[in-house]
Amino acid sequence: EPEVTQTPSHQVTQMGQEVILRCVPISNHLYFYWYRQILGQKVEFLVSFYNNEISEKSEIFDDQFSVERPDGSNFTLKIRSTKLEDSAMYFCASGTSFTYNEQFFGPGTRLTVL
Amino acid sequence: DAKTTQPPSMDCAEGRAANLPCNHSTISGNEYVYWYRQIHSQGPQYIIHGLKNNETNEMASLIITEDRKSSTLILPHATLRDTAVYYCIVSAGYGNKLVFGAGTILRVKS
C-alpha cells in the first residue's frame, strides 16, 4: 500500500540554524500539506501546496518557513533560522482530488532545537 | 479553532463497541464530517467520512444525525490497538486544511 515517507525521523539542530525536512508524498497525489504538533498540544496546520504554489498558509508559517517541490517526488519544508519554539513533530500529508479530504500522513520528523 | 466538540476521554472494554460522539452544530451544507485518529505520536490516520448518510468501511461506522449537527463514530469490536486520540473534523472538501481539536482519548482496556 502506498504511503507518505519523511526523512529524517529525528533532527537535532542549534538555534539559528537552517533545517530542511523532507517528504515523499504518494505518487499520484496532487495536494500537499505540512502540519506540526508541539509535544502535548494539538496538530496544527502550517501550509498547503497545490499546482506548484502555496494555496493556504497559517499564521505560524511566517517568512522563516518555505516549501518547495523541487522535483516530481519530493516536498520539502525549510526553516531558515530555527527557534527553540520550533521544536515539534512535523507531519507531511498528501491527498488527491479524486477522493474527498482524505489526507494521508507521514510518520513525522521530530525536530529538536537546542 | 476547531468547529467540533468531543469528550476529552472515554474508556471501552476490549471486544465491545466503542461509540465516540461529536457535536458540530455549525456545520455548513458543503462540509463533510471526517474522523481521524492518532496512535501515540504517529501521523494521524484517516478513518472515515460522511456528508449526511451513514457510512461504513472496514474500520468503522459513522452515524450522522438528520440535522447533521452531531455524529457518532462506532468501532464495532474495539481492540487494544484502537487505543488512540480520535479527532472529529468538519471540512469543505479536497484541498482544504484539516483543523484538529483536542480530540477524544479512547482507552481500550482488557
Count of segment A:68-102 residues which are in contact (Cβ under 8 Å) with a residue 60 or more places away in the chain and within 18 Å of A:LYS57 (Cα to Cα) = 9
Filter segment B:77-110 for residues that are at the interface with chain A (Cβ under 9 Å from one of its Cβ atoms) and either more than 19 Å from A:TYR100 (Cβ to Cβ) or of a type in the set (Lys, Arg) (or both); which is surrounded by the most Cβ atoms within 10 Å (Cβ to Cβ)?
-> B:GLY103
Determine which member of the set A:LYS57, A:LYS78 is closer than 18 Å to A:SER9 by Cα, of a type in the set (Lys, Arg), more than 8 Å from every other protein chain (Cβ to nearest Cβ) and touching a Phe, Trp or Tyr at 6+ places or on another chain (Cβ under 9 Å).
-> A:LYS78
Looking at A:SER81, A:SER66, which is the one that is over 23 Å from B:TYR32 (Cα atoms), of a type outside the set (A, V, I, L, M) and part of a loop (DSSP other than H, G, I, E, B)?
-> A:SER81
Going through segment B:14-62 one residue at a time, which ones are outside any strand (DSSP E or B), free of Cβ contacts under 8 Å to residues at least 60 places away in the same chain and more than 24 Å from A:GLN41 (Cβ to Cβ)?
-> B:SER25, B:GLY29, B:LEU51, B:LYS52, B:ASN53, B:ASN54, B:ASN57, B:GLU58, B:MET59, B:ALA60
The condition from (1) more than 14 Å from chain B (Cβ to nearest Cβ); (2) under 11 Å from the mean Cα position of the chain (by Cα) that A:SER48 misses is numbered (1)
Does B:ARG68 satisfy the condition of being among the basic types (Lys, Arg) and either at the interface with chain A (Cβ under 10 Å from one of its Cβ atoms) or more than 30 Å from A:ALA88 (Cβ to Cβ) (or both)?
-> yes
Within segment A:1-21, of all residues that are part of a strand (DSSP E or B) and closer than 26 Å to B:GLY101 by Cα, the one nearest to the other protein chains (Cβ to nearest Cβ) is A:GLN6
Select from segment A:28-42 the residues that are facing chain B (nearest Cβ under 8 Å) and surrounded by 23 or more Cβ atoms within 10 Å (Cβ to Cβ) and write down the one among them that is nearest to A:SER94 (Cα to Cα).
-> A:TYR33
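Bear in mind that the values in this text are calculations on the coordinates, not laboratory data. Predicted, not measured: the structure shown is a model, and the values here were computed from it. Using ideal geometry, Cβ is built from the backbone for each residue, glycine included, and neighbour counts are taken over all protein chains shown.
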